[in-house]
Amino acid sequence: MSLYERDSFFVDGGWSAPSTDARILVVSPSTEEVVGSVPEAAPADVDAAVAAARRAFDETDWPWLTPVERAAHMRDLAKALTERVAETATTITTEMGTVLSYAQAGQAPGPIMMLEYYADLAESLELVSDRTGLVGSWKLHKQPVGVVGAIVPWNGPLFLAMYKLAPALLAGCTVVLKPAPESPLSAYHLAEALAASSIPPGVVNIVQGGRETGRYLVQHPDVDKIAFTGSTAAGRTIMADAAPTLKRISLELGGKSAAILLDDVDVETALPHIVFGVCQNNGQICISNSRLLVPRSRESEIVDAVTAAMAAQKVGDPFDASTEIGPLVAERQRTRVEGFVDGARAAGNTITTGGRRPAGLDRGWYVEPTVVAGVRPDQAIARDEVFGPVLAVIAYDSDAEAVAIADDTVYGLGSAVFSPDIARAEAMALKVRAGTLNINAHVTDFHVPLAGWKQSGFGQEAGPEAIEGYLQTKVVGPYA
C-alpha cells in the first residue's frame, strides 16, 4: 500500500510549515502497518490557525456577505470535493478501516451532499426579523458567532467534519478544524479542495493533532465556539476547559441506543435493519443500536434469527468488495470490545455467535460480529458504549418495561421501534427519552436534526436547526 506522507498544515488559504518536528504515525487497521504520517500541531501552529480565522472574521467581508453569496462559495467547494471523491474514499478506508463500499456510498460523497444541502437553504435563511415592544419596534439580527473550533472523531472523519463546517460557513463563521489523530489523512483532500475553491483564505484552517492539541484549541481565548463530536468523557473535559472563557459549545457525544422489537414484529423484515444498526461502519458509530430489546414470549425465535444473520456477515479486507465488516480502528479498540464480551461470558451470558477473532485474519484488528443473549439491563455490556459489532439481547415482559429498559441509560442519542402497527410504534417512540427514534429502520438523514439528550450531549447538528448554533442574536432599536 502506498505511503501517505504530509508535511504541512492548511492555514490562511495555503500550506503552512509546522513549528516542530513532531509527527503522527497513521497505522492501517487492516494490516497493522504504518501507511503514512502527518505533522502534529504544537501550540504555535494552533495559534497561527486561530489567528488566520480571526483575521478572516474580523477584517474581511466574509461574515457580512449574504447567505446566498456564501452559498456560492460553498457550492464551489462541493465541486472541488466531487473531483476528489474517489481518492477520498480510498484514503478513509486506508486510515480507519471502514469498508470501501461504505466509504464510497457515504463517507466520501456525504460531505458534498451536505454542503449542497446547506447552500440550498441560503435562499430561505432569515437573519433579520421585526418585533413590536413596549416602547416601539425592534429589529432582531442573527449574526455569526465568530471563530469556531471544530473537533471531530475518527469514525466519520469528513462526514462529521461537514456536520459542523457546512452550517458554520452558511452562518458566516470561520473555522479551525482539528481531525482525529487516527484519521488525519482524509482532511488533506478537504484542504486541497479548499485551496482549489473560492472559499477565501483563513475561512477554513486545518491542523492535525491529538488530545493536547484539541485542549489547547478549546482553551484558546480567540475561539468563540467549540463544536465537538466524540466520547461523553471527552465532552465533560471540553465543558471544563471551555468554562474559563465561557465559550459556546455544542457536543454530540456517546450513545447506547436500543432497537425495540414489539411482540407483533415481522422478524425477517426487521433483520436487515437490526444487523445494519449494530454493524454499520464496523460497529463504530455513536447511533449504533447495540441493545436489542425483545418480547420474552418470542426471545428464543428472535435470538436464533439474529444469530444467523450476524453470523452470515463477511469479515475481512475492507478493500474487498464482498466484505461487510472490516477491522476496528485500533488495537486498543479491539481490546475494549473483547473486554466487554469476556465480561458478559464471565457473567453467564450466552455468546450465540462471534466473540472471537476471525479465523484466517492474523493481521488487523478484527473481531467477529457477536450476539450476546440473556443480558440483564444492569450489566456493563447493556449500559456502556462498546463501539464494535456486538449486539446485547435483553428480554422484556411488557411495553412499559421495554420503555423503562430503553431509558435505563445515561445516554439519549437514538433508538428504534419495530412493529407493523405504525401508530403503536410511534406511541412507544414518543415515550423513549432520546433525540432520534427510527420506526422500522436504522437510518441517518442530515435533513433533520441530530440532537443528543441526557449525557449524549446538547446542541443540534444537521437540518436547518444546526445553523442556529452558529448564530447569535443582536437587538437593534427601538424605532418609533
**OP:** Give the residue that is nearest to THR352 (Cα to Cα), with candidates limited to residues of the range 247-298 that are β-branched (Val, Ile, Thr) and in a strand (DSSP E or B).
**Re:** VAL294
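Is it true that some residue in the range 428-438 is among the basic types (Lys, Arg) and touching a residue at least 40 places away in the same chain (Cβ under 8 Å)? Steps first, answer last, please.
Step one: filter the range 428-438 for residues among the basic types (Lys, Arg), giving 431, 433.
Narrowing further to those that are touching a residue at least 40 places away in the same chain (Cβ under 8 Å): none.
No, there is no match, as no residue in the range 428-438 is among the basic types (Lys, Arg) and touching a residue at least 40 places away in the same chain (Cβ under 8 Å).
Confirm whether ALA404 is surrounded by fewer than 17 Cβ atoms within 10 Å (Cβ to Cβ), within 23 Å of GLY435 (Cα to Cα) and out of contact with any helix residue (DSSP H, G or I) (no Cβ under 8 Å at 6 or more places or on another chain).
On the way: surrounded by fewer than 17 Cβ atoms within 10 Å (Cβ to Cβ): yes; within 23 Å of GLY435 (Cα to Cα): yes; out of contact with any helix residue (DSSP H, G or I) (no Cβ under 8 Å at 6 or more places or on another chain): yes.
Yes, satisfied.
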**OP:** Determine whether the range 262-271 contains at least one residue that is in contact (Cβ under 8 Å) with a residue 40 or more places away in the chain and in contact with a helix residue (DSSP H, G or I) (Cβ under 6 Å, 6 or more places away or on another chain).
**Re:** no
**OP:** Could you please let me know if ALA425 is under 18 Å from CYS286 (Cβ atoms) and touching a Ser or Thr at 6+ places or on another chain (Cβ under 6 Å)?
**Re:** no
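In this structure, is LYS164 within 30 Å of VAL403 (Cβ to Cβ), crowded, with 22+ Cβ neighbours inside 10 Å and touching a residue at least 24 places away in the same chain (Cβ under 8 Å)? Please lay out each step first, then the result.
Values: within 30 Å of VAL403 (Cβ to Cβ): no; crowded, with 22+ Cβ neighbours inside 10 Å: yes; touching a residue at least 24 places away in the same chain (Cβ under 8 Å): yes.
It is false that LYS164 is within 30 Å of VAL403 (Cβ to Cβ), crowded, with 22+ Cβ neighbours inside 10 Å and touching a residue at least 24 places away in the same chain (Cβ under 8 Å).
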Original post:
Is it fair to say THR91 is surrounded by 15 or more Cβ atoms within 10 Å (Cβ to Cβ) and more than 19 Å from PRO157 (Cα to Cα)?
Top reply: no
**OP:** May I ask you to list the residues in the range 463-480 that are in contact with a Leu (Cβ under 7 Å, 6 or more places away or on another chain) and surrounded by fewer than 16 Cβ atoms within 10 Å (Cβ to Cβ)?
**Re:** THR473, VAL475
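Give the residues of the range 104-140 that are surrounded by 14 or more Cβ atoms within 10 Å (Cβ to Cβ) and free of Cβ contacts under 8 Å to residues at least 40 places away in the same chain, sorted by residue number. Steps first, please.
Initial filter on the range 104-140 (surrounded by 14 or more Cβ atoms within 10 Å (Cβ to Cβ)): 104, 106-119, 121-122, 125, 127, 138-140.
GLN104, PRO109, ILE112 - these are the residues of the range 104-140 that are surrounded by 14 or more Cβ atoms within 10 Å (Cβ to Cβ) and free of Cβ contacts under 8 Å to residues at least 40 places away in the same chain.
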Subject >> Residue in the range 95-117 that is over 21 Å from GLN280 (Cβ atoms) and outside any helix (DSSP H, G or I) present >> reply: no
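Where a number appears in this text, it was derived from the coordinates with a stated rule and is not lab data. This is a predicted model, so every value here is computed, not measured. Virtual Cβ from ideal backbone geometry, glycine too; neighbours counted across all protein chains shown.
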